Structures are given as C-alpha cells and as structure tokens.
Amino acid sequence: MISPEKHRIAAIAASWALVLVIAALIFTMSAKDGATLDHGSGFVSAVKTWLASTGQALFGHPVDVSPVGHFSEYFVFGASLLNALRWHFPAKNALFAAPLIASLYGVTDEIHQIFVPTRSCDPADWAVDTVAAIVGAILAYVVIKRLKKTKGADKTPTP
C-alpha cells in the first residue's frame, strides 16, 4: 500500500508535469507559422478548419477562430496551474497566482510569435489568454473546493 505522503508527492509531481506539458504545447503551437497551423498540424488543423467553416456558416462571413485556440489553451493552463500551486499555497493565494503566472507566460508567448513567420504579437490574444486563465483557475478552484467538501462529508459518520 502506498503511504499518504508518497501519494501526495506523486500527485504534486503529476500536477506539475501537466503544467509543463501544457506550457510546452503552447510554445509548440506558437512556433508554427499560420500555414502549418491551418493545414499541417493534424488534429489542431482539423479542429481549426471545422471551427472556421462552422463560424462562416453561422455568420455568413469568414471568422477568425484564433481566439478560440488561445482561450482553450490558457483555460486549461490556468486550471492546471491552480491545481499545481494549491499543493504549495493556500487555495486563495493559488487562485491569485495561477492566472498571474499564466498571463505572464502569455506575454512571453506573444513576444515569441514576433519571431515566427506570418505570426505577430497581438495584445488582444494576450487579453484572451489572461481571461481564459482566470476562468480556468476559478473553475478549478470551485471544483477542488467541492471535492474537498464532498470528501469531508463522506468521512462524517452516519447516525
């Protein structure tokens, strides 16, 4: 049987590993030029094409779906950062720190894109990244609080 301390260490390591994987995914996506994102990125390209065609069908004109990608990446990034940080700080501090760290990473992401052909630094993308990280962190905070409450309720003896 795994001791509670070893279980805790494994959970912390897994939480931080997920943060690193998502950060690497964001970096990888930012390193791709527009044409590669549109046609040479497998699943990502297929989703982007589907979103663009759906948007055009709904609105009757081409729609930029880039904000959807930014929102999705940073929503998950904010949530995973909150999950990792909660092991080291009180949950409310983690709730503040996670979106802040994600937002700062978003700044570096936009700077990185200056050096990628057909990409640019767009403050609107950074704003989407930041809002998404806030929403993701808040949702993760609420879910974790509810899980803890439920877990605590499970330990309450029944009369």
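The values are calculated or read from the model by the stated rules, or taken from the named source; none is laboratory data. All values derive from a computational prediction rather than experimental measurement. Using ideal geometry, Cβ is built from the backbone for each residue, glycine included, and neighbour counts are taken over all protein chains shown.
The requirement of being closer than 18 Å to V116 by Cα, in contact (Cβ under 8 Å) with a residue 24 or more places away in the chain and out of contact with any Gly (no Cβ under 9 Å at 6 or more places or on another chain) is fulfilled somewhere in segment 8-24, by at least one residue.
Look through segment 52-86, keep the residues that are touching a helix residue (DSSP H, G or I) at 6+ places or on another chain (Cβ under 8 Å) and β-branched (V, I, T), and return whichever of them is modelled with the highest pLDDT. Result: V76.
Of the residues screened, Y74 is not one that is in a helix (DSSP H, G or I), among the hydroxyl-bearing types (S, T, Y) and either without any contact (Cβ under 8 Å) to a residue 60 or more places away in the chain or loosely packed, with under 14 Cβ neighbours inside 10 Å (or both).
Considering segment 1-46, and only residues there that are of a type in the set (K, R) and loosely packed, with under 13 Cβ neighbours inside 10 Å, the residue that is nearest to the chain's Cα centre (by Cα) turns out to be R8. Pairs linking a residue in segment 115-135 that is within 17 Å of D64 (Cα to Cα) and in the same structural domain as V68 (by TED's automatic domain parsing) to a residue that is surrounded by fewer than 18 Cβ atoms within 10 Å (Cβ to Cβ) and charged (D, E, K, R), with Cβ atoms under 6 Å and 6 or more positions apart or on different chains, are T118/D33. Residues that are β-branched (V, I, T) and either assigned to a loop (DSSP other than H, G, I, E, B) or closer than 22 Å to C121 by Cβ (or both) within segment 29-71 comprise T36, V44, V63, V65, V68, listed in sequence order.
Checking each residue in segment 118-148 for being in contact with a Pro (Cβ under 7 Å, 6 or more places away or on another chain) and of a type in the set (G, A, S) picks out A133, A137.
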